[in-house]
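Working notes, structure below.
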Amino acid sequence: MDHGYWPLAAAFLLAWPSYAQEAADAVAPEAATETVDAFSGLTDLANAALGAKSDGAPTQAETWMVAAANPLAVEAGARVLREGGTAADAMVAVQAVLGLVEPQSSGLGGGAFLVWYDAQSGSVTTLDARETAPLAADPTLFQDESGAPLKFFDAVVGGLSVGTPGTPRLLEDAHRRWGRANWAGLFDEAIALAEGGFTVSPRLAELVADDAERLQRFPSTAEYFFPGGTAVAAGNMLVNADYAETLQLIAAKGASAFYSGEIAEDIVAAVRGAEGNPGQLSSIDLALYSVIERPPVCVEYREHDVCGMGPPSSGALTVGQIVGILNGHDLASLEPTSPEAWRLIGDASRLAFADRGRYMADTDFVPMPVKGLVSEDYLKARSELLSGDDALPEVAPGDPEWDHTLLFADDASIELPSTSHISIVDSDGNALSMTTTIENSFGSRIMVRGFLLNNELTDFSFQTHENGVPIANRVEPGKRPRSSMAPTIVMKEGKPVLVIGSPGGSRIIGYVAQAVIAHLDWGMDVQQAVSMPHFVNRFGTYDLEEGTWAADLQQPLAELGYEVNVGELNSGLHAISVGEILQGGADPRREGIALGE
Ligand code: GLY
């Protein structure tokens, strides 16, 4: 990779700590990959969806639709929907297959956030299945003996970074609330693929090869991804008998089979016994884990409500701030290629990221001005800052209204691109948007019973204080690390019109905000909106997607005062628009499809 790809921001920008920069420089974003040749044996419908995607056209359907990161997982969900299952049922089948065929991004060993629109009640519900820090953890978890933050991969690889997984409990919780299909049957497809073997995709093969040294530190991980000592290659058939057995236990006994008993014992032993970097996860952490229903965060934008997951995710608040700040500016009158449009979007994003770094964390542990951050008056005041002609010379957190006050220092956590997103609309009109992750590609690299354990705890700030002022997103026992995941449902007059989300670390926020703007302001269909070249501005460097027309704006944006970088921006957006018909878009940068009937 190009190690000069994301250099530090200029002096006027919010600074990353040096260890965060080191981590960003050390990790290549997941590479974009070819898709069409890799999936022989798909149904005609799935092949047609792959064809539509390569033609840049949305998939169209009348009754139901599912969009996710791998055709095999999408087909599993489609089967459930075709047989009359709900979006929650289909999600269980999709996630179970993703954990097999895209193990580097999400699975049983990770966590997720889910946004649900219920057609019968018209309500939006958000479920937090974020991993928790072990009860034995303290704020110095990722510091060395002298109090200095660990190097990123010294923290990631091994047991130290593993939080209590939330995904198995979420599958069960969502199914209990909104499912109608037989629970056990939802795992059939994944079990059959795990037992009979699945075709390794180019993306998985490439990522295994890139991460060979780390993956081979742990015998069970090495044996799976390097059978006989050689890395799995694209097109190989890969069997995962341990995963099939794990799924059979969960199918028969529910999520409790994961959180106690033999699976839980193996997880705890693997984390605590990780050579060189043991962690503190205990059987009590697993036994106590629960999914939490949180209030959704909705922000009005162009007569729509952009709804998503509140803290501990920063996703909906930061996406909401970006579009809320832009409410006062007429983007529809500007071309998508206009530097002025990207000045407005870029500075709205910088302002939102400044607040994110200062205020956002797990509200069960730290007070947060949640309402103040997205109040109309506050967003209007922030929006007025964009009234000039050039890039803002300085960007600082604002002063939103607090429910009650506590002073925090700016955050210093690191988030890198991995993760996966699932969008589903079922034949009852329910909509599901779920972003799911094990954090870094291949998580902690520890494989237990056929699935990888997360490294989600590295989404906490490694630093605890700045000049004696505590950082909101520091590690605390039982706390959930701040996330950027932004599963989103855009509503109009109480009905969903767009279901969307993406992987991509903290860039998720920019990817989702941009696609919402492209769809609502510029009238792009969902495939155009997810395919559109990316412009991402987080801490101030303006990142433009290489090899696309976004790169043509390098000079004009530099002239406005931005420090601009051109490089790979590998989102994984999966979106469904809901209107007279359903239209689905799958990100051309990854292997997924949208499928419907
Ligand atoms: N680990 C990715 C995120 O939660 O944002």
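The values are calculated or read from the model by the stated rules, or taken from the named source; none is laboratory data. On a predicted model such as this, the values are computed, not experimentally measured, just so you know. Note: ideal-geometry Cβ built from the backbone for every residue, glycine included; neighbour counts use all protein chains shown. Just the protein is used for accessible areas: all its heavy atoms, side chains included, with ligands, DNA and RNA removed. Shrake-Rupley method; radii C 1.70, N 1.55, O 1.52, S 1.80 Å.
The set of residues in region 446-463 being closer than 28 Å to V101 by Cα, within 15 Å of the ligand (Cβ to nearest atom) and not hydrophobic (A, V, I, L, M, F, W, C) consists of N454, N455, E456, T458, D459. Return yes when E213 is free of Cβ contacts under 8 Å to residues at least 40 places away in the same chain, within 26 Å of the chain's Cα centre (by Cα), surrounded by fewer than 17 Cβ atoms within 10 Å (Cβ to Cβ) and farther than 14 Å from V101 by Cβ and no when it is not. So E213 fits the description; yes. Of the residues that make up region 137-150, is at least one within 27 Å of Y243 (Cβ to Cβ), assigned to a loop (DSSP other than H, G, I, E, B) and touching a residue at least 12 places away in the same chain (Cβ under 8 Å)? No, region 137-150 has no match at all.
Being assigned to a strand (DSSP E or B) and β-branched (V, I, T) holds for only one residue in V94, V115, V162, and it is V115.
Listed by position, the strands (runs of 3 or more DSSP E) contained in region 255-347 that have at least 1 residues being among the hydrophobic types (A, V, I, L, M, F, W, C) and under 23 Å from V530 (Cβ atoms) are 297-301, 304-308.
Could you go through region 12-32 and let me know if any residue there is among the β-branched types (V, I, T), in a helix (DSSP H, G or I), at pLDDT below 50 and open to solvent by 10 Å² or more (accessible area, probe 1.4 Å). For region 12-32, residues among the β-branched types (V, I, T), in a helix (DSSP H, G or I), at pLDDT below 50 and open to solvent by 10 Å² or more (accessible area, probe 1.4 Å): absent. Residues in region 194-210 that are open to solvent by less than 30 Å² (accessible area, probe 1.4 Å), at pLDDT 95 or above, assigned to a helix (DSSP H, G or I) and closer than 20 Å to A76 by Cβ: 2 in all.
Would you mind stating whether A174 is assigned to a helix (DSSP H, G or I) and of a type in the set (G, A, S)? So that I can check it myself, show each step before the final result.
Numbers: assigned to a helix (DSSP H, G or I): yes; of a type in the set (G, A, S): yes.
When the stated conditions are applied, A174 passes them.
Yes or no, residue by residue, for (1) within 13 Å of G320 (Cβ to Cβ); (2) of a type in the set (A, V, I, L, M, F, W, C); (3) open to solvent by less than 10 Å² (accessible area, probe 1.4 Å):
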| site | (1), (2), (3) |
| --- | --- |
| R356 | yes, no, yes |
| A361 | no, yes, yes |
| D364 | no, no, no |
| Y378 | yes, no, no |
| E384 | no, no, no |
| D389 | no, no, no |
| V395 | no, yes, no |
| D399 | no, no, no |
| W402 | no, yes, no |
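If you go through region 510-540 and keep only what is within 16 Å of the ligand (Cβ to nearest atom) and surrounded by 24 or more Cβ atoms within 10 Å (Cβ to Cβ), you end up with G510, Y511, V512, A513, V536, R538.
Give region 491-513 a look and list any residue that's more than 16 Å from H421 (Cα to Cα) and not charged (D, E, K, R), or say none.
So the first thing to find is which residues in region 491-513 are more than 16 Å from H421 (Cα to Cα), and the list is 491-497.
Within region 491-513, M491, G494, P496, V497 meet the criteria.
Residue pairs whose Cβ atoms lie under 8 Å apart, sitting 6 or more positions apart in sequence or on different chains, and linking a residue in region 487-509 that is within 16 Å of R590 (Cβ to Cβ) and more than 16 Å from the ligand (Cβ to nearest atom) to a partner that is open to solvent by less than 10 Å² (accessible area, probe 1.4 Å) and at pLDDT 95 or above, do not occur here. Taken as a whole, the structure leaves S418 outside the set of residues that are at pLDDT 95 or above and either out of contact with any strand residue (DSSP E or B) (no Cβ under 8 Å at 6 or more places or on another chain) or closer than 21 Å to A316 by Cβ (or both). Suppose we filter R217, R176, R203 for residues that are under 25 Å from L81 (Cα atoms) and of a type in the set (D, E, K, R); which single one remains? One residue alone meets the criteria, R176. Could you go through region 150-168 and let me know if any residue there is on the phi > 0 side of the Ramachandran plot and crowded, with 17+ Cβ neighbours inside 10 Å. Looking for residues that are on the phi > 0 side of the Ramachandran plot and crowded, with 17+ Cβ neighbours inside 10 Å, one finds at least one in region 150-168, hence yes. The residues on offer are E384, E456, E401, E394, and the sole one that is within 21 Å of L114 (Cβ to Cβ) and either charged (D, E, K, R) or modelled with pLDDT under 95 (or both) is E456.
Contact map, region 220-238: residues that are in contact (Cβ under 8 Å) with a residue 12 or more places away in the chain paired with residues that are open to solvent by 30 Å² or more (accessible area, probe 1.4 Å) and part of a helix (DSSP H, G or I), Cβ distance under 6 Å, separation 6+ or inter-chain. Pairs shown: A231/A209; A234/P202.
Scanning region 568-597 for residues that are among the acidic types (D, E) and surrounded by 24 or more Cβ atoms within 10 Å (Cβ to Cβ) yields a count of 2.
Of the residues screened, Q248 is not one that is outside any helix (DSSP H, G or I), touching a residue at least 40 places away in the same chain (Cβ under 8 Å) and polar (S, T, N, Q). Note on region 429-445: residues that are more than 16 Å from the ligand (Cβ to nearest atom) and either part of a loop (DSSP other than H, G, I, E, B) or surrounded by fewer than 24 Cβ atoms within 10 Å (Cβ to Cβ) (or both) total 2. Would you be able to tell me the number of residues in region 283-315 that are more than 21 Å from A518 (Cα to Cα), of a type in the set (D, E) and surrounded by fewer than 21 Cβ atoms within 10 Å (Cβ to Cβ)? Residues in region 283-315 being more than 21 Å from A518 (Cα to Cα), of a type in the set (D, E) and surrounded by fewer than 21 Cβ atoms within 10 Å (Cβ to Cβ): 1 in total. Looking only at residues in region 366-375 that are part of a helix (DSSP H, G or I) and in contact (Cβ under 8 Å) with a residue 40 or more places away in the chain, the one that is surrounded by the most Cβ atoms within 10 Å (Cβ to Cβ) is L373.
Only one of the numbered conditions (1) open to solvent by 10 Å² or more (accessible area, probe 1.4 Å); (2) more than 22 Å from A431 (Cα to Cα); (3) in a strand (DSSP E or B) is violated by D543, and that is (1). Taking region 464-486 as the search range and keeping residues that are of a type in the set (S, T, N, Q) and surrounded by 24 or more Cβ atoms within 10 Å (Cβ to Cβ), which one is farthest from the ligand (Cβ to nearest atom)? So, considering only residues that are of a type in the set (S, T, N, Q) and surrounded by 24 or more Cβ atoms within 10 Å (Cβ to Cβ), the one farthest from the ligand (Cβ to nearest atom) is N473. Looking across region 327-354, the residues that are crowded, with 21+ Cβ neighbours inside 10 Å and among the charged types (D, E, K, R) come down to R343, D347, R350.
Scan region 447-460 for residues that are over 23 Å from G77 (Cβ atoms), touching a strand residue (DSSP E or B) at 6+ places or on another chain (Cβ under 7 Å) and in a loop (DSSP other than H, G, I, E, B) and jot them down. Talk me through it step by step, then tell me what you get.
Narrowing region 447-460 to residues over 23 Å from G77 (Cβ atoms): 447-449, 453, 455-460.
Pick out the ones that are also touching a strand residue (DSSP E or B) at 6+ places or on another chain (Cβ under 7 Å) and you get 456, 459-460.
Passing the criteria: only F460.
Among the residues making up region 115-156, those that are within 16 Å of the ligand (Cβ to nearest atom) and within 30 Å of D89 (Cα to Cα) are V115, T126, L127, D128, A129, R130, E131, T132, A133.
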